[in-house]
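Please treat every number below as a calculation from the coordinates, not as lab data. For clarity, every value in this text was computed on a predicted model and none was experimentally measured. Using ideal geometry, Cβ is built from the backbone for each residue, glycine included, and neighbour counts are taken over all protein chains shown.
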Amino acid sequence: MKINFLGTADSGGIPTHNCKCIICQEYRSKNKVNLSTSAYIECENGEIILLDAGIENIATIFDKRKIKAIFLTHFHPDHTLGLLRLRYSADNIDCYHPKDEKGFADLFKHTKAIRYIENTLFAPIKVNELSFTPIPLKHSKNTSGYLIESRDKTIAYLTDCGGISKESMDFLLSKEIDECYIDAGLAPNLNNGNHLNYEEATKLLDIINARKSYLIHASHHTLSYLKINNIELKYPFYI
């Protein structure tokens, strides 16, 4: 099992529109783009499982591929924007999500090809050879991270995240985690309660103690701060 990222940045993406910071200018000079955090797993039978769908053209990216299921962390636009087009698919697609009465835009009103299924916290959901267990995370909107288990690997996908409750941490510590990806979008002098800064995320990764650990949801502000101050991190940003 391998998790593949279509983007690992915050909602502004990198480069951010007309920003002249050192990171945005570097990305432009190298013709690089990092879009909002969105990932996928390819199953043994070739089917695709999406983890969030914030990339607007995700329907085009996976045209001619079978999308078996979608696991949303939450309904903020940078994690759901791609559903506005994907719902016109010729295939029926199951979308698992945390409890949210409003969702995003008119997705619940005009479901079309997508069947929305509210997840139950800590209750595993089996899709093909994989198991996805929703884990509640602290964020401004009701949010679930996911513990993803295959026969030979366990991955924790923890975005967006402003903190982890004792119940969620106890669950994570009950597992032997091979890879952990956690939100660390803020610079060290910031904490808005909705996202972790990289210092806070590092402390949580130390506790989780996965075999491999990565920071995600990078903002251009955070990456600029690191570069300007020549800071080396214990855990790398996955970018």
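Gap in Å between the Cα centre of the range 103-161 and the Cα centre of the range 60-74?
The range 60-74 and the range 103-161 have Cα centres separated by 13 Å.
Using 0.36 nm per residue of separation minus the Cα-Cα distance, give me the extension gain between SER89 and HIS110 in nm, one decimal.
Additional length available on full extension: 6.3 nm.
Output ³J(HN,Hα) for the range 77-85: one whole-Hz value per residue in order, computed from phi by the Karplus curve 6.51 cos²θ - 1.76 cosθ + 1.60 with θ = phi - 60°, and x for Gly and Pro.
x, 6, 10, 10, 4, x, 5, 4, 9
222 nm [θ] for the chain, helices only, -39500 (n - 2.57) per DSSP H run of 4+, per residue, to 500?
Mean residue ellipticity, 222 nm, calculated: -5000 deg cm²/dmol.
When all alpha-carbon pairs of the chain are counted, what percent fall beyond 24 Å?
It works out to 43 percent of all Cα pairs.
Assign unit charges at the C-beta atoms only (+1 for Lys and Arg, -1 for Asp and Glu), then state the dipole size of the range 125-166 relative to its Cα centre in Debye, rounded to the nearest 20. Numbers along the way, then the final one.
Working: 6 positive and 4 negative charges, 33 e Å.
Using only the charged Cβ atoms, the result is roughly 160 debye.
Amide H of ASP94: which non-local residues (sequence gap of 5 or more, or other chain) have their own amide H closer than 5 Å, using H built in the peptide plane?
Amide H neighbours of ASP94, under 5 Å, 5+ apart: ILE70, ARG115.
GLU118 versus LYS138, label points 7 Å from Cα toward the beta carbon: distance in nm?
In this crude spin-label approximation the distance works out to 2.5 nm.
Using 0.36 nm per residue, how much length does the chain from ARG151 to ALA187 gain when fully extended, once their Cα-Cα distance is taken away? Before the final figure, lay out each step's value.
Values: separation 36, 0.36 × 36 = 12.96 nm, distance 3.68 nm.
Full extension from ARG151 to ALA187 adds 9.3 nm.
Top mean-square fluctuation among LEU83, LEU173, LEU186, Gaussian network model of the chain, C-alpha springs under 10 Å?
Maximum fluctuation in the GNM of the chain, among the listed residues, is at LEU173.
Work out from phi, with θ = phi - 60° and the Karplus expression 6.51 cos²θ - 1.76 cosθ + 1.60, the ³J(HN,Hα) of each residue of the range 229-239, listed in order in whole Hz, and give x for Gly and Pro.
9, 6, 9, 9, 8, 5, 10, x, 6, 8, 9
Take the alpha carbon gyration tensor of the range 1-86, find the square roots of its eigenvalues, order them as a ≥ b ≥ c, and report rounded if a/c is under 1.5; if not, report prolate when a/b exceeds b/c, else oblate.
Details: a/c = 2.39, a/b = 1.88, b/c = 1.27.
Cα axes put the range 1-86 in the prolate bin.
Go through ALA69, THR143, ASN194 and say which Cα lies farthest out towards the positive end of the charge dipole of the chain; charges sit on Cβ, +1 for Lys and Arg, -1 for Asp and Glu.
Going by the Cα projections, it comes out as ALA69.
Which residue fluctuates the most in the chain, going by a Gaussian network model with Cα springs under 10 Å, if the choices are ASN229, ASN209, ASN92?
ASN229
For the range 132-239, go through all pairs of different Cα atoms, get the mean of 1/r, take its inverse, and jot down that Kirkwood value in Å.
13.9 Å
Subtract the Cα-Cα distance of LYS203 and LYS126 from 0.36 nm times their separation in residues, and report this length gain in nm to one decimal.
Values: separation 77, 0.36 × 77 = 27.72 nm, distance 3.09 nm.
Gain in length upon complete extension: 24.6 nm.
Give me the percent of DSSP beta bridges within the chain that run antiparallel, rounded to the nearest 5.
Details: 23 of 48 bridges.
In the chain, approximately 50 percent of DSSP beta bridges are antiparallel ones.
Once you charge only the Cβ atoms, +1 for Lys and Arg and -1 for Asp and Glu, what is the size of the charge dipole of the range 51-152 about its Cα centre, to the nearest 20 debye? Mind dumping the intermediate values first?
On the way: 15 positive and 13 negative charges, 42 e Å.
Approximately 200 debye in magnitude.
If you plug each phi of the range 126-141 into the Karplus form 6.51 cos²θ - 1.76 cosθ + 1.60 with θ = phi - 60°, what whole-Hz ³J(HN,Hα) values come out, in order, with x for Gly and Pro?
Couplings: 8, 9, 6, 8, 10, 10, 10, 10, x, 10, x, 10, 7, 7, 6, 10 Hz.
What are the semi-axes of the equivalent ellipsoid of the range 69-172, taken as the square roots of 5 times the eigenvalues of the Cα gyration tensor, listed largest first and rounded to whole Å?
The equivalent ellipsoid of the range 69-172 has semi-axes of 23, 17, 10 Å.
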